1. Highest mean first, what order results for 111-119, 209-217, 123-131 on Cβ atoms within 10 Å?
2. Please list, by residue number, everything in region 145-184 whose backbone N is under 17 Å from a paramagnetic label point 7 Å out along Cα→Cβ of Glu57.
3. Find how many whole Å separate the alpha carbon centroid of region 186-200 from the alpha carbon centroid of region 213-252.
4. What is the spin-label model distance, in nm, from Asp244 to Lys82 if the labels are put 7 Å beyond Cα along the C-beta direction?
5. Just the accessible area for Leu167, please: 1.4 Å probe, Å², rounded to the nearest 10?
6. Using a 1.4 angstrom probe and counting only protein chains, how large is the accessible area of Leu237 in Å², to 10?
7. Given H placed on each backbone N at 1.01 Å, which residues far from Val93 in sequence or on other chains put an amide H within less than 5 Å of it?
8. Over 20 Å between C-alpha atoms is what I'm after, so list which of Lys59/Lys297; Lys240/Lys290; Lys144/Lys221; Lys79/Lys240; Lys120/Lys306 land there.
Amino acid sequence: MIRPAAVLLSCAGLASAFTPVPSGPAATLRPSPSALSRDNARRPACLLGVSMMAVDEAKVKTLLGKAEAAEGPGTAPKKIAKAMKKPTGALTVSIEYKNGGDEGKQGSIDFETFSTHIRKEKSACVLADISSERGLADLESFIKEQASGKGNFPGPCPLIASGVSSLEAAAKAKAAGAEGVYVAAASAEEMLGGCHAMGLEVVVEVGSEADIDAAIGAGAKILCVSIGEDTGAQVALRDKIPKDVVALAALQGRAFGGPETLFKKEEAETAEDEDVAEILQAGFSLRDAKFNGIIVKEACVNADDKEESTYARWLVGQLITKRSANYNHLAKVSSPMGTGRPPTPLGGITTILDGSRPSHQSGLPG
């Protein structure tokens with residue numbers, strides 16, 4: 001039972017929390033400035049657009065000291081290399097998050113949910129662009145959420161900072177908790193040794209045979225071939241990468257219209273090639289060229305946007321699915337905003353793959 005005194009106090013508190021505002025024939029209520037102040041004081045900092053984590057400047061200084069003292073390429077860790085190159089030869093898929101402006105709320109519930117879903121979709125790694133202050137805050141939020149998956153399956157995704165062009169930026173990424181950096185071929189020679197000394201793995205973006213030779217000569221062990229939307233040119237460079245180097249290919253997430261165009265397409269009713277999202281066709285070409293993995297650049301630019309977050313998750317799920325190129329109807333573009341997976345054909349998946357034996361003698365259940 002609530003005591004009368006408590007009721008009076010509650011009513012008084014409620015009255016002070018709102019201020020009558022004349023509007024038409026009746027007055028409406030809006031929160032008073034004092035109530036807003038109290039509400040903001042209780043609200044987590046991340047929901048106010050303020051990062052809950054701060055890079056330790058002393059740690060950054062120490063890391064830079066190690067980088068500057070490095071001689072030669074040194075020895076790189078292998079956690080990211082192992083995550084991106086499976087011993088079974090199966091394709092790995094990693095996604096990049098790049099918030100170019102100030103979209104969504106840094107560290108919001110939707111952001112955390114997106115990070116969780118990416119892990120559960122079995123993304124090999126997560127890249128976060130830190131070319132802006134907002135980007136560094138997003139990296140910290142990813143690291144915090146991914147750490148919560150420790151001890152579970154799938155476990156935390158290794159975090160890679162992209163948009164890195166200096167050792168100082170790399171040191172900040174390491175201090176925040178990143179395990180790798182993504183750098184351009186032009187920066188590889190000057191950054192590899194320092195990054196390795198800080199305990200960072202380095203993914204070097206290359207776009208030509210000369211880039212590949214230079215990066216390998218500098219000590220790179222992970223290369224990502226990126227030539228815009230020219231998938232054919234990427235495929236042509238696959239054989240130029242030695243077997244002891246992790247060979248990745250970049251798939252441009254904003255290519256072919258991105259999520260906006262994808263979600264506007266009507267559901268296909270036939271199994272023709274045009275029914276399949278063009279970005280998936282490009283991805284399957286890279287897979288068939290025997291790249292160890294794919295990095296989807298700018299897979300998501302706002303985790304608070306449902307289409308954006310669903311698009312990134314859908315791409316990971318579709319690209320790692322073992323699918324015959326002859327049955328593209330399994331990747332209809334209608335699936336992203338639905339269940340995320342098209343229905344399995346009657347008789348099971350084996351009934352439609354060339355050279356396979358049906359699950360049932362007739363090819364149909366029952």
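1. On the way: 111-119: 20.8, 209-217: 16.6, 123-131: 25.0.
Per-residue mean Cβ counts within 10 Å order the peptides as 123-131, 111-119, 209-217.
2. 168-169, 171-173, 175-176
3. Cα centroid of region 213-252 versus Cα centroid of region 186-200: 18 Å apart.
4. 1.9
5. Number for this one is 40 Å².
6. Result for Leu237: roughly 20 Å² accessible.
7. Counting only residues 5 or more places away or on other chains, the set is Ala124, Ile294.
8. Values: Lys59/Lys297 29 Å; Lys240/Lys290 12 Å; Lys144/Lys221 27 Å; Lys79/Lys240 24 Å; Lys120/Lys306 17 Å.
In this structure, Lys59/Lys297; Lys144/Lys221; Lys79/Lys240 exceed 20 Å between Cα atoms.
The values are calculated or read from the model by the stated rules, or taken from the named source; none is laboratory data. Every value quoted in this text rests on a predicted model; they were computed, and no experiment measured them. Note that we place each Cβ from the backbone using ideal geometry, even for glycine, and neighbour counts take in every protein chain shown. Calculation scope for accessible area: heavy atoms of the full protein, side chains included, ligands and nucleic acids excluded. Shrake-Rupley method; radii C 1.70, N 1.55, O 1.52, S 1.80 Å.
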